[in-house]
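Encoded as structure tokens, the structure appears first; notes follow it.
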Amino acid sequence: MSANDAASELARLATVLATANRAYHTEDTPEISDAEYDALKQRNAAIEARFPELKRDDSPSEQVGAPVLDAFAKVTHAQRMMSLANAFDDADIAEFEAGIRRFLALDDDAPLAFTAEPKIDGLSLSLRYEKGVLVQAATRGDGTTGENVTANARTISDIPERIESEKEILEVRGEVYMSHADFAALNTAQETSGNKPFANPRNAAAGSLRQLDPAVTKARPLRFFAYAWGELSAPLATTQYDAIQRLGTLGFEVNPLTKRCTSQDDLVAHYRAIETDRANLGYDIDGVVYKVDALDLQRRLGFRSTTPRWAIAHKFPAETAWTTLEAIDIQVGRTGALSPVARLTPVTVGGVVVSNATLHNEDYIEGRDSKGAPIREGRDIRVGDRVQVYRAGDVIPKIKDVDLSYRKADSVPFKFPQVCPECGSAAIREEGDAVRRCTGGLICPAQAVEKMKHFVSRAAFDIEGLGAKQVEAFYLDDWIAEPADIFTLRERYGTGLRQLKNREGWGEKSADNLFTAIDEKRDIALSRFLFALGIRHVGEGASGLLATHFGTIEALLSAADRASALEGEAWEELLNIDGVGEVMARSLVTTLTQPAERASIDRLLEQVAPAPAEKPDVSDSAVAGKTLVFTGTLETMSRAEAKATAEALGAKVAGSVSKKTDLVIAGPGAGSKAAKAEALGIETIDEDAWRQLAGLDSP
């Protein structure tokens, strides 16, 4: 895959996943299955790993779940509820184990045990017990903030009100689900009473748990499997398997198919056995979850931005279906990218109704890849075609193939637009770029609206009551034209004849609530502020890196100004940040120094105050605030673990040696970096000295 293909695919994945995220987590009306959703995220993560400089600011890899409904009180999880990385074949499982061994620096023959358990297709729930008493139940939400559904959870028979536990705090996590038999009985009752039946057990379970009236939830046959934990005042056990068994002795239902496996072959064999017996389980599953068994190894492995390194979901294959392509629409994103979307005659695929599929680009429609090589044996895609919708892990949902025997004689090839459908500006495709982009910039309403939708999105300013629909309506009525305008809404439309409370759908209370919510976001974390700006290639993770490195918005803007020529000391400093590549750095500097963009940011800074990045408590750290470079071969830990350890101690890890480097840790085989450190007079130590400095056990 070329860089241009990767950029196009990441854009497509971001669009599809954003829609799927809200449909699944917030509206309980998924357009794609759990397996397909997770598979999309896996493909996105794989492309980002290969092309880190192309990571988008709205990257799905930085997101978990979706915003909570306003109908429920919000709960901030003491420990974030993570998602899972995915595997789709045996090769993925081999790479999962190999990656763990690389991170932990384990030899191939070193023992490494895992647990394997069915992945329940339901709704994630976290139960908080204090001194053995259930005090709170919360949905996953966006991973950080969930919905308080305590009253509803108390009606589920599998969830005990009290447990025999000596622990001050125990958060039990698991999945709320509905059995096939109970689902069938519920739908029979729904139809008898004249109500709409549920589409599948997962929808029924999610909708039942999130009822505003607990009596409705009580009448629904919900079940609960416990499989994990959050905050603990004391460990449950030393292994994953024993911890799960401990939850069983406390009164929770745990899945009887959970098994400890000592090899990759054992894992796959258990997967095959569960897959074979899947239809007889009596409840829906969409794969098998593997976890490193030893909890001390789990702690060492830690987490990526949204997933643990020590777990993966091995998904079952998905399905395909044939339907008619009714139209191809062109959507314009906030970066100006023209994205084709296939509108389909609705078709059920794997129990989910699909009515659209996001296409890659004009090359994909024409039946070729970016290099001109044929795909689908060169068959193009036309309106009116009978097409096969493919909903597996690589591209979901997409059109896999075309049946030419159904093509009408008067069918004509699709002509990709050469002008923006939103503003009429030229839509150009630069040499080597797979995506055609609108050149309208700030005059293109689609780009302006999409940028402001991003600005108020969950991972950005997340202003309660101001979502995509409100932003679009305010923009069309000329109430807001840029982010700074959001913070002057009260001043301009809080009083007088033309005020917010007089708009259709608004009232005095809702208007005042919005103004209050806006004011509450005038103070915001620097990382969120940077992400909200929507700078191309600067995603949520990169925003965190930049915030941590520069500390304040003033320092970052000053650095961008000094790096405006894309050379010199400030430019080198930016490139030296581990995780920041040239493509990202160029996009960042260009955006922050472009006069119109900078003026818009300056106006925004008159309204909001980004808080300096919080620093971890590293008062006892000998390397806090220092810039470290690792080079050569580390013998007792992997480079990834060394980097994670250093960052946890408050150090910055750079990819190359410069005069700003404070310390170099050199293992056997250290080459040019060690030589440069010596030439610059920078202190260099070996791995043993690093472990002592970091407070680690002796090797």
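The values are calculated or read from the model by the stated rules, or taken from the named source; none is laboratory data. These numbers come from a predicted model, not from an experiment. With ideal geometry, Cβ positions are generated from the backbone for all residues, glycine too; neighbour counts draw on all protein chains shown.
Listing for the model above:
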| quantity | calculated |
| --- | --- |
| Pick from the stretch 563-579, criterion assigned to a loop (DSSP other than H, G, I, E, B) and either under 13 Å from K652 (Cα atoms) or not aliphatic (A, V, I, L, M) (or both), ranking: modelled with the lowest pLDDT | D578 |
| In the stretch 459-494, residue nearest to the chain's Cα centre (by Cα) [restricted to those that are of a type in the set (S, T, Y) and under 16 Å from A517 (Cα atoms)] | T488 |
| Condition met for E62 (surrounded by fewer than 20 Cβ atoms within 10 Å (Cβ to Cβ), among the acidic types (D, E) and modelled with pLDDT under 90) | no |
| Hey, T516 modelled with pLDDT under 90, in a helix (DSSP H, G or I) and over 25 Å from the mean Cα position of the chain (by Cα) or not | no |
| S543 being within 19 Å of the chain's Cα centre (by Cα), in a helix (DSSP H, G or I) and hydroxyl-bearing (S, T, Y) | yes |
| Qualifying position, being in contact with an Asp or Glu (Cβ under 6 Å, 6 or more places away or on another chain) and modelled with pLDDT under 95, among A78, A91, A105 | A78 |
| Matching residues in the stretch 441-457 - criterion: being assigned to a helix (DSSP H, G or I) and of a type outside the set (A, V, I, L, M, F, W, C) | G441, P445, Q447, E450, K451, K453, H454 |
| Residue check for D242: crowded, with 20+ Cβ neighbours inside 10 Å and of a type in the set (D, E) | no |
| Breaking point among (1) assigned to a helix (DSSP H, G or I); (2) within 29 Å of F51 (Cβ to Cβ); (3) not polar (S, T, N, Q), for K509 | (2) |
| Residue ID - farthest from E482 (Cα to Cα), chosen from residues in the stretch 573-599 that are in contact (Cβ under 8 Å) with a residue 24 or more places away in the chain and exposed (fewer than 15 other Cβ atoms within 10 Å of the Cβ) | E582 |
| Hits in the stretch 484-502 - residues which are part of a loop (DSSP other than H, G, I, E, B) and either outside the structural domain of A596 (by TED's automatic domain parsing) or surrounded by 16 or more Cβ atoms within 10 Å (Cβ to Cβ) (or both) | F487, T488, Q499 |
| Residue identified as out of contact with any strand residue (DSSP E or B) (no Cβ under 8 Å at 6 or more places or on another chain), in contact (Cβ under 8 Å) with a residue 12 or more places away in the chain and not assigned by TED's automatic domain parsing to the domain that holds R522 among A642, A648, A654 | A648 |
| Scope the stretch 111-142; condition surrounded by fewer than 18 Cβ atoms within 10 Å (Cβ to Cβ) and either closer than 21 Å to E231 by Cβ or at pLDDT below 95 (or both); matching residues | E130, K131, G132, V133, V135, Q136 |
| Residue within the stretch 211-219 that is surrounded by 15 or more Cβ atoms within 10 Å (Cβ to Cβ), free of Cβ contacts under 8 Å to residues at least 40 places away in the same chain and more than 20 Å from E253 (Cα to Cα) present | no |
| Total residues in the stretch 229-262, condition among the aromatic types (F, W, Y) and in a strand (DSSP E or B) | 1 |
| Extreme residue, nearest to the chain's Cα centre (by Cα), among residues of the stretch 284-306 that are among the polar types (S, T, N, Q) and modelled with pLDDT under 90 | T306 |
| Test: residue in the stretch 503-515 that is of a type in the set (F, W, Y) and surrounded by fewer than 20 Cβ atoms within 10 Å (Cβ to Cβ) | yes |
| Every residue from the stretch 627-661 that is surrounded by fewer than 18 Cβ atoms within 10 Å (Cβ to Cβ) and either more than 21 Å from Q298 (Cβ to Cβ) or touching a Gly at 6+ places or on another chain (Cβ under 6 Å) (or both) | T633, E635, G655, S656, S658, K659, K660 |
| Matching residues in the stretch 164-179 - criterion: being surrounded by fewer than 23 Cβ atoms within 10 Å (Cβ to Cβ), in contact with a Gly (Cβ under 7 Å, 6 or more places away or on another chain) and of a type in the set (D, E, K, R) | E164, E171, R173 |
| Residue tally, condition surrounded by fewer than 18 Cβ atoms within 10 Å (Cβ to Cβ), hydrophobic (A, V, I, L, M, F, W, C) and either in a helix (DSSP H, G or I) or touching a residue at least 60 places away in the same chain (Cβ under 8 Å) (or both), over the stretch 458-483 | 3 |
| The stretch 372-429, residues that are within 30 Å of K315 (Cβ to Cβ), surrounded by fewer than 16 Cβ atoms within 10 Å (Cβ to Cβ) and modelled with pLDDT under 90 | D394 |
| Neighbours by Cβ (under 6 Å, 6+ apart or cross-chain): first from the stretch 153-180, under 18 Å from P118 (Cα atoms); second in a loop (DSSP other than H, G, I, E, B) and of a type in the set (A, V, I, L, M) | V176/L222 |
| Any hit, the stretch 668-687, residues being within 16 Å of S638 (Cβ to Cβ), assigned to a helix (DSSP H, G or I) and outside the structural domain of L574 (by TED's automatic domain parsing) | yes |
| Candidate set from the stretch 430-447 (those that are farther than 24 Å from I381 by Cβ and in contact (Cβ under 8 Å) with a residue 40 or more places away in the chain); member that is surrounded by the most Cβ atoms within 10 Å (Cβ to Cβ) | Q447 |
